[in-house]
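Asks: Would you mind keeping the following structure in view while I ask a few things?
Quick note: the coordinates plus some simple rules give every number you see, no bench work behind them. Keep in mind it's a predicted model, so treat the numbers as computed, not measured. Glycine also receives a Cβ, built like all others from the backbone with ideal geometry; neighbour counts cover every protein chain displayed.
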Amino acid sequence: MSGLLWTFFLFLVVQRLCELVIARRNEKWMKERGGLERGEEHYKYFVFLHLLFFLSILTEVFLLKGIVIPFQPAFFTVFLLAQIARIWCIQSLGKFWNTKVIVLPDFPLVKRGPYRYIKHPNYIIVGIELFVIPLLFGAIITSVIFPFLHIVLIKYIRLPVEERALEEVMTNNRKEDSD
């Protein structure tokens, strides 16, 4: 892997670590205001998936000698657009952005930014990233496996938990409004 790819790879790792710091700070802020965490037991699967994702890229590139492809401006453009969309999501949710499912009773759902148009835009963005990032390294197997695993985790584990948590908060808010 060339120096430029190593730099890019390290950028991705640092970016994810910075996002975890932001999420941890937001989690503290939300819980101080009565935030309720749901689905705690499944969070480890997402952490594991993302750790395996980075290890899979390295494994495929070094051990399996991933297909060496020249720099692909189209893949990089998709990556950059995904980063812009990711920042838009984080900015739009502000203190409510998190990597966990935490809901705050007595606070309305955020309906600005991409959340005006799509209910869970960040999950789509992550799926795109899990597809396109490995392609930038020539890790084609990783680019197929990890978006698939992401979809399975989101559809069958995360979204049901998140939807139940949001419905619970909305139902409680409606009850309080009617009292």
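Asks: Just one of [x] 58, 40, 34; [y] 65, 28, 26; [z] 40, 36, 31 is Cα extents along the principal axes in Å calculated from these coordinates, so which is it?
Replies: So the calculated entry is the one marked [y].
Asks: A follow-up question, please. Quick one: what are the phi-derived ³J(HN,Hα) couplings along segment 41-53, Karplus 6.51/-1.76/1.60 with θ = phi - 60°, whole Hz, x for glycine and proline?
Replies: These are the phi-based 3J(HN,Hα) values: 5, 8, 4, 4, 5, 6, 4, 4, 4, 6, 5, 4, 4 Hz.
Asks: To continue, here is another question. Please give the peptides 89-95, 166-172 ranked by average Cβ packing (other Cβ atoms within 10 Å per residue), highest first, as a rough proxy for protection.
Replies: 89-95, 166-172
Asks: Across the Cα atoms of segment 76-147, what radius of gyration and what greatest pairwise Cα-Cα distance (Dmax) are found, in Å?
Replies: Both quantities, over Cα of segment 76-147: 14.2, 47 Å.
Asks: Okay, moving on. Given only helices, namely DSSP H runs of n ≥ 4 each adding -39500 (n - 2.57), what is the per-residue ellipticity at 222 nm of the chain, to the nearest 500 deg cm²/dmol?
Replies: -23500 deg cm²/dmol
Asks: Which residues' amide hydrogens lie under 5 Å from the amide hydrogen of residue 101, considering only partners 5 or more residues apart or on another chain, with H built in the peptide plane?
Replies: Amide H neighbours of residue 101, under 5 Å, 5+ apart: 38.
Asks: Work out, step by step, the length gained on full extension between residue 141 and residue 22: first 0.36 nm times the residue separation, then minus their alpha carbon distance; give nm to one decimal.
Replies: 39.7 nm
Asks: For segment 82-91, just list the computed ³J(HN,Hα) in residue order, Karplus coefficients 6.51, -1.76 and 1.60, θ = phi - 60°, integers in Hz, with x standing in for Gly and Pro.
Replies: These are the phi-based 3J(HN,Hα) values: 5, 5, 4, 5, 4, 5, 4, 4, 4, 5 Hz.
Asks: Let me ask something else. Between residue 119 and residue 91, take the C-beta separation as r, use R0 = 22 Å, and let me know the FRET efficiency to the nearest 0.05.
Replies: Rounded to the nearest 0.05, the efficiency is 0.80.
Asks: Quick one: among 62, 79, 146, which has the greatest mean-square fluctuation in a GNM of the chain with alpha-carbon springs under 10 angstrom?
Replies: 62
Asks: With the Cα gyration tensor of segment 1-92 giving a ≥ b ≥ c as the square roots of its eigenvalues, does the rule (a/c under 1.5 for rounded; else a/b larger than b/c for prolate; else oblate) give rounded, prolate or oblate?
Replies: prolate
Asks: Any idea how many Lys pairs in segment 1-112 come in under 30 angstrom at the alpha carbon, given 8 or more places apart or on separate chains?
Replies: 14
Asks: Now for a different question. Dipole size in debye (nearest 20) for the chain around its Cα centre, Lys and Arg Cβ +1, Asp and Glu Cβ -1?
Replies: Value, rounded to 20: 280 debye.
Asks: To the nearest Å, what is the center-to-center distance of segment 80-130 and segment 1-60, using C-alpha atoms only?
Replies: Cα centroid to Cα centroid, the span is 15 Å.
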